[in-house]
Each structure stands twice: as C-alpha cells, then as structure tokens.
Amino acid sequence: MKSSLHPERMELPIMQMLKNIYYLTRKEFRSVFSDPVLIILIAYIFTMPVYDMSRMSTDVKHAAVAVIDRDQSVLSFRIRDALQAPFFQSPKAIDPHDTDALMNRGEFTFIIEIPPNFQRDVQAGRHPQIQLLIDATSMTQAGLGSSYINQIAGREINDFAGIELPEVIKPVVHAEFNPNTESSWFMPTSQIGTMAFLLLMLLAGAAVIRERERGTIEHLLVMPVTAPELMMSKILANGVVIMISAMLSLWFVVHLSIGVPLNGSLLLYAVGLAVFLFAVSSLGIMIATLAPTMAQFGMLVLPVYIVINLFAGGSSPRVNMPQVAQDISEYWPLTQFMKFAQNILFRGAGLEIVWPQMLAMLLLGLLLLGLALLRFRKMLEQQG
C-alpha cells in the first residue's frame with residue numbers, strides 16, 4: 001500500500017508545476033495579445049527598421065562630386081568622366097570662388113581641383129598635383145571615397161601617359177560568404193538580434209512591474225504557485241511572441257524582401273535564438289526586481305541596452321574596440337548571439353561550430369535566472 005502511493009507523490013509535484021506554468025503562461029499570452037498597440041509595435045519594429053537598415057549602407061554610393069577644371073584638357077576630361085555611378089554622382093563644374101560656400105552648405109562631399117597645364121606637365125614627365133577637398137563629416141564616404149578618387153585619377157593618368165606599372169603580385173580575390181561585399185546583408189540580421197534583445201527585456205521586465213503595480217502579485221501569493229513558475233511563465237509567453245516575430249522577420253523581410261541568402265540551418269538558428277531569448281528574459285526580470293516602478297525600470301533598461309548593444313559588435317567590429325572593452329563584453333548575451341547568427345546565416349556553420357556560443361548563452365541565462373529568482377523571491381516577500 002505504501003509503495004503504491006509513493007510514485008504518485010513523486011509525480012504530483014511535477015505535474016502540478018507544469019499545470020501551473022501552463023495556466024500562468026496562458027494568462028501572460030492573454031495579457032500580451034489584449035494590447036493591440038503592443039502588437040502593432042512588435043510588428044513594426046521587426047519590419048520597417050529591419051528593412052531600413054539594409055538601405056543604410058557604409059559603402060560609397062552616389063557621393064556628390066564637384067570639379068574645378070583649370071586645365072580643360074583631354075586628360076582632365078578623362079578624369080572627370082571616370083567618376084561614375086554607383087560610387088559617384090555625375091561631377092559638376094563649379095566656380096572656384098564658390099568652393100567655400102558649397103562646402104559650408106554640405107552640397108558636395110568631394111571637390112577636385114585640377115591645376116592649369118596639368119596635361120602638359122604630365123606629358124613632360126613632371127608630377128603635377130590634384131587638390132582634393134573632402135567634407136569629412138561624412139566619415140565613411142570621406143575615407144573610402146578619397147581612396148577611390150586617388151585610384152581612378154592615377155589609373156587615368158597612367159593610361160594617358162602610356163605608363164605600365166609592374167604588378168609584383170596580382171591577387172585573385174574570392175569574397176567568401178558575401179560575394180558582392182554588400183554591407184546591407186549584415187545590418188538587417190544584426191538588427192533582428194538587437195530589436196529582440198530590447199523588446200524582450202522590456203516585455204519580460206514590464207510583466208513583473210505590471211503585476212506589482214496592479215497588486216495581482218498579492219493574489220498570486222495565496223495560490224499554490226511558486227516564484228520559479230511565475231518567472232518561467234513570463235519567460236515562455238513573452239519569449240515565444242518575440243521568437244515568432246524574429247523568425248518571420250528573418251524569412252519575409254531579410255530573405256525575401258531584401259534578398260539576403262540564408263546559408264545555414266534555420267532550425268539550428270531558431271534553437272540558438274530560443275537560448276538567447278531565455279537569457280534576455282532572465283536579464284529583464286532581474287532588472288525589474290530592482291526597480292519599484294515602471295518609470296525607474298525604463299531608466300535602468302536604457303543604459304543597459306545602450307552599453308550592451310554598443311559593445312556587441314552589431315554596429316561596429318569588436319576588433320576596433322579597446323581590449324578591455326572586448327574582454328568585458330565577450331560573454332554578454334548579445335555579443336554571443338551576434339557571433340552565432342553570423343556563423344549560421346552567412347557561413348552556413350553547423351552545431352560543431354556554434355556550440356560554444358550556444359553553451360555560453362545557456363550558462364549565462366541560467367546564471368541570470370538564478371540571480372533573478374533570488375531577487376524575485378525577495379520582492380515577493382516584501383509584497384507579502
């Protein structure tokens with residue numbers, strides 16, 4: 001008799017825990033989907049900003065160029081005509097006296113001044129100089145564009161003078177994973193991770209704050225539910241919403257609309273995304289337990305998001321950052337997810353390549369969950 005009841009006593013707590021998580025998760029789903037403004041916001045964030053990031057290229061495209069041609073020779077016209085789309089707009093001839101005014105108004109990124117007798121000096125074997133004025137406020141275009149102009153002018157001068165420069169090494173370039181070297185491929189995929197990080201941290205944390213401000217935590221305390229069950233329900237409900245939104249954005253916006261090829265396994269990407277969202281949800285709940293009001297929660301989330309996003313490598317390469325910043329941010333969830341997403345989507349990597357990132361995100365998520373649980377229990381005790 002005693003042995004027959006023992007298995008039931010072992011199974012009941014587990015089944016009860018699963019039932020509690022299930023019903024609490026349903027409650028969280030109803031809370032999310034009962035807010036039409038929130039649904040519209042999620043749909044917007046995973047569509048328009050992601051698509052707009054593909055248009056924000058770091059490449060030199062359609063840069064405005066003006067030319068002050070004091071030579072009016074065949075060579076000067078060749079240099080001017082060689083500045084073509086898609087890198088540059090058609091060069092416009094301007095008056096030398098208008099140079100400062102045009103640069104001050106930002107109408108041109110580059111102004112090229114070709115000196116008098118330029119062609120004659122080249123033919124005589126002299127080395128006349130072309131002056132290049134750059135609006136350096138356009139930092140990326142200024143650096144790359146000046147290099148392009150130097151190469152174009154040098155090529156035209158050498159061709160005109162009949163100079164053949166010996167090539168010591170002639171490289172054969174193969175651009176792996178991004179054949180056209182399009183920066184627009186990288187930015188939208190990074191944006192999905194960044195938006196998922198921000199939204200889920202806000203949603204999971206706001207769910208805790210909302211329970212406390214409405215006083216519903218007091219009702220939950222008298223029910224047979226535990227703090228881990230409450231936390232898991234909020235992680236599951238909000239995480240599923242963001243995960244579905246992110247996967248739909250990846251397929252319909254990034255792949256079909258923008259045209260970015262997805263080389264890796266989408267199933268493996270989804271698993272890694274779920275692990276990442278688990279870590280982010282835990283972080284959001286932990287921050288929420290530190291903030292007594294929604295306003296203070298927002299003030300805490302904002303600097304956390306800015307710092308983590310800044311050093312994650314989504315907007316700029318991490319190798320350009322100070323070594324201390326790289327070491328500190330190495331195991332942040334967004335940093336690991338950026339590496340994971342690039343390996344899967346662009347390099348077509350398998351589990352044998354990305355398991356370190358997945359393990360790091362999982363361990364970090366468990367650590368944050370433990371810290372959040374400690375704070376959550378203290379918060380419930382204070383409410384009680």
**OP:** Return yes when VAL307 is of a type in the set (A, V, I, L, M, F, W, C), under 30 Å from GLU229 (Cβ atoms) and touching a helix residue (DSSP H, G or I) at 6+ places or on another chain (Cβ under 9 Å) and no when it is not.
**Re:** no
Original post:
With respect to the numbered conditions (1) touching an Asp or Glu at 6+ places or on another chain (Cβ under 7 Å); (2) over 17 Å from PHE160 (Cα atoms), which one is the sole condition not fulfilled by THR99?
Top reply: (1)
Subject >> When residues of region 16-48 are limited to those that are part of a helix (DSSP H, G or I) and among the hydroxyl-bearing types (Ser, Thr, Tyr), the one farthest from the chain's Cα centre (by Cα) >> reply: TYR23
**OP:** Taking the residues in region 96-121 that are of a type outside the set (Phe, Trp, Tyr) and part of a strand (DSSP E or B) as candidates, determine which candidate is surrounded by the fewest Cβ atoms within 10 Å (Cβ to Cβ).
**Re:** GLU113
Original post:
Is there a residue in region 336-345 that is under 21 Å from MET187 (Cα atoms), of a type in the set (Lys, Arg), surrounded by 14 or more Cβ atoms within 10 Å (Cβ to Cβ) and modelled with pLDDT under 85?
Top reply: no
Subject >> In region 55-95, the residues that are modelled with pLDDT of 85 or more, of a type outside the set (A, V, I, L, M) and farther than 12 Å from ILE112 by Cβ >> reply: GLN72, SER73, PHE77, ARG78, ASP81, GLN89, SER90, ASP95
Subject >> Residue count, region 98-147 (criterion: under 20 Å from ASP159 (Cβ atoms), aliphatic (A, V, I, L, M) and free of Cβ contacts under 8 Å to residues at least 12 places away in the same chain) >> reply: 1
Subject >> Given (1) surrounded by fewer than 22 Cβ atoms within 10 Å (Cβ to Cβ); (2) touching a helix residue (DSSP H, G or I) at 6+ places or on another chain (Cβ under 6 Å); (3) touching a residue at least 40 places away in the same chain (Cβ under 8 Å); (4) not β-branched (Val, Ile, Thr), number of the condition ASN263 does not satisfy >> reply: (2)
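The values are calculated or read from the model by the stated rules, or taken from the named source; none is laboratory data. All figures in this text were calculated on a predicted structure; none of them were measured in a lab. Reconstructed Cβ throughout: ideal geometry from the backbone, glycine too, with neighbour counts over all protein chains shown.
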